[in-house]
1. Under the definition of Cα pairs under 8 Å and six or more residues apart, what whole-number percent is the relative contact order of the stretch 413-649?
2. What ranking, highest mean first, results for peptides 442-448, 484-490, 212-218, 108-114 when packing means the other Cβ atoms within 10 Å averaged over each residue?
3. Starting from the Cα of residue 65, draw a straight line to each of the aspartates and glutamates and keep only those under 18 Å, dropping any in the same chain fewer than 8 residues away.
4. So which aspartates and glutamates pass the test for residue 465, namely a Cα distance under 18 Å, with those fewer than 8 places away in the same chain ruled out?
5. Counting Lys and Arg as +1 and Asp and Glu as -1, what is the net charge of the other residues whose Cβ lies under 13 Å from the Cβ of residue 157?
6. Determine the shape class of the stretch 413-649: with a ≥ b ≥ c the square roots of the Cα gyration tensor eigenvalues, call it rounded for a/c under 1.5, and otherwise prolate if a/b is greater than b/c, oblate otherwise.
7. Taking R0 as 41 Å, what FRET efficiency do you get between residue 293 and residue 496 from their Cβ-Cβ distance, rounded to the nearest 0.05?
8. Amide H to amide H, which residues 5 or more places from residue 66 or on other chains are under 5 Å from it, using H placed in the peptide plane?
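A short reminder: the numbers here are calculations on the coordinates, not readings from a lab. A quick note: this is a predicted structure, and the numbers were derived from the prediction, not measured. Ideal geometry is used to build each Cβ from the backbone, glycine not excepted, and the neighbour counts take in all protein chains shown.
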Amino acid sequence: MAAEIKNPFQGTGGRRIVERGIERSLLISGTVAVIVVFFIILYLFRDAYPAFRNIGLGKILTGMKWNPAGEPPSYGAYPLIVGTVLVTLGAMAFSIPLGIGSAIFISEISPSRLKTGFKFLTELLSGIPSVVYGFFGLVIMTNWLRIAFDQPTGESWLAGSILLGIMALPTIISVSEDAISSVPTDYKEASLAVGATRWQTIRRVVVPSALSGITAAIILGMGRAIGETMAVMMVTGNAAILPEPIMNVFSPIRTITGTLGIEMGEVAAGSSHYHALFALAVILFIIVLLVNSSALFILMKLSERFRPSGKKSLFQIPKIVAPLLKKVLWGAVALLVVYYAYVRGGTRGGLEAVVLLAFSLALLTFLARKSSPRQGQKIVFSAISGSMAVVMVLLGVILYYIVVKGIPAISWDFLTQPPRDLGRAGGIFPAIMGTLYLIGGAMLIAIPPGVGAGIYLSEYAREGKITRLIRAGIDNLNGTPSIVFGLFGFAFLVLYLDLGISLLAGMITLGFMVLPTIVRTTEEAVKSVPQSMREASLAVGATKWQTIRRVVVPPAAPGVITGVILSVGRAAGETAPIIFTAVVFSQRFLPHSPMEPVMALPYHLFVLTTSVPDSLHNAYGTALVLLIVVLMIYAAATVIRLRYRRTVRR
């Protein structure tokens, strides 16, 4: 009689108890994460309600004057909403052509051996902290705009749009490139086989097939622009006025995020001004919610693949409508030229820029139409390659100024000494350590419930309305501007719980900010593991938890680790969430307790740039150190992911 083979995975009574305990622990993790998500949303509405009740939603939305310190105070958010919309539209006008052109170049035109390099360099833009963008914009770009267009100041709507456009480029390029690359090769080969040129194939087959993904990329880029705080606050002039006339791109403006960043730190808790700022945060949250929900809706409901059966996507334009839309577009350009020429009286810089743009587009279109298909393809490919070149130049210019001017400030004393003379002398050691403390504490707070919630949602939670609601809440909080987390941390942690401006309050705020990212990346990584692997493990008698731990988690680990490390990079580069909760500008010693405030590199750079004269030398050094720290974190994510994948394959 053959000896009975014992199944190593066979559960015993004790293992079943452990199994139930682990499931409950994961349930608790998921519950904590979900409670945090919805508590933040409810708390924002709670503190905004007095403003909506006493001032009135209509007066806040339509009021033409924002002057909370006036007598009587005015809480009209209309100029702030318009400023937010204008700077976002300008950013999209700048980033959409460059982003889509660059995505087409990387996916369809670039040599195969260079694609990885171009993608890496493009994604490098996303790793630059927003305060470094703001520093570059304030020190370099606004000065260039002032001189080039002969303006009193370069801090303007135009400066904010250009800077936000650069910051939105990585999102638009990356998502669009993924959508374009996902188009099946068969479609392209079929188009080329019937005699179409590569450009005709791209225009008529590839782009329509990827149009939903491209549209989602644009909307996600728009959400990135709407929610930015520090960079906008540093370069737009922060005047709560409407441009006069409305198309004056050199007018200073103020956005909702900029208003929150400027005023929240000095407002009296519980005052009408305090609640009005929370009302602004709710308005901003709803705007971003609508934008992000639109992107999710497009990605979920529209097919990203071209269907030869003849089914048309909602975004495919009928042949009859296309010429009409082109005429409307060129009519709008012509009206804009006339507006600048006659209404503005030919304002220096504005007319020249519009005329040059219109002429360039008209010339390119004319040459492409009148040329043969092959010659037209060369013209269009040159323009697309030019868009990629512009992106690379922008990256090169930003890195050049930060690296070349930052290196002379780097020394051993700079890295190991505390600041002196308001940061003009000495070093940034307390800021470096404070940043590391904040990151470490945030990860300790966010990783256990985040990873646990992701595993629970993927492996244990039943699909239904509640689960979909939880995911929707997590997704929308994941896209919420970081300044909103700063407001929550200030109101709830600093004031209500009386933690004060402290390391602990900053850790919790940053932990809550990155929690949705960790939850979603963990869930998606675990979901990506084939179901057949789970079934095979369960078939040999393994318990649910044994299957998760030994079969599901190992192949999902690279995605989980990547999500965690990217969250670390985001936490390291953020300024808005800690500006009201954790940081002080100058501190000679490291904190001895979590209840003490800390220095942090992003805030130190912000204050040096905006408030301390003659500190540019150390500001460049601080910017370089912060950039290196964040980029090293992102590089670590890539290295760990690749090495872990090789280990799993073995």
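1. On the way: 353 pairs, mean separation 68.8, N = 237.
Computed over the stretch 413-649, the figure is 29 percent.
2. On the way: 442-448: 20.6, 484-490: 26.9, 212-218: 24.1, 108-114: 12.3.
With the highest mean Cβ count within 10 Å placed first, the list reads 484-490, 212-218, 442-448, 108-114.
3. 244, 263
4. Counting by Cα, and skipping residues close in sequence, residue 465 has these aspartates and glutamates nearby: 475, 523.
5. Local charge sum for residue 157: -1.
6. Numbers: a/c = 2.89, a/b = 1.93, b/c = 1.50.
Prolate is the answer for the stretch 413-649, as a/c is 1.5 or above and a/b outweighs b/c.
7. Details: r = 30 Å, r/R0 = 0.72.
The calculated FRET efficiency here is 0.90.
8. 76
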